[in-house]
Amino acid sequence: MKINYTFLFLIISAWPLYYLYQHQLGAISFLVLAIFFFLKAMKELKMIKKEEKPDDNQPKREKIKQNSR
């Protein structure tokens, strides 16, 4: 998710979350934010793992047996 969409989501969800906080339901808003950032972190982690993974197009090295003399 792009940074712009993240900020847009947080701005749009700020009013309902603040409303819940005012009515002593702050745990719900905390849970919603925790889930949101957890999913965002998982998506970033998948992207990092995908970048670190070597290309499948590279030929694999074959092990050569040495003759013992």
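The values are calculated or read from the model by the stated rules, or taken from the named source; none is laboratory data. Remember, predicted model here, so these are calculated numbers, not experimental data. Note that we place each Cβ from the backbone using ideal geometry, even for glycine, and neighbour counts take in every protein chain shown.
Can you say whether LEU10 is aliphatic (A, V, I, L, M) and at pLDDT below 90, as far as the supplied structure shows?
Answer is yes for this residue.
Can you tell me which of LEU17, LEU25 is touching a Gly at 6+ places or on another chain (Cβ under 9 Å) and modelled with pLDDT under 90?
LEU17
When residues of the range 2-26 are filtered for being within 25 Å of LYS43 (Cβ to Cβ) and small (Gly, Ala, Ser), how many remain?
Qualifying residue count, the range 2-26: 2.
Which residue pairs have Cβ atoms closer than 6 Å, lie 6 or more positions apart in sequence or on different chains, and pair a first residue in the range 28-46 that is at negative phi with a second residue that is surrounded by 10 or more Cβ atoms within 10 Å (Cβ to Cβ)?
These pairs meet every condition: ILE28/LEU20; SER29/LEU17; SER29/LEU20; SER29/TYR21.
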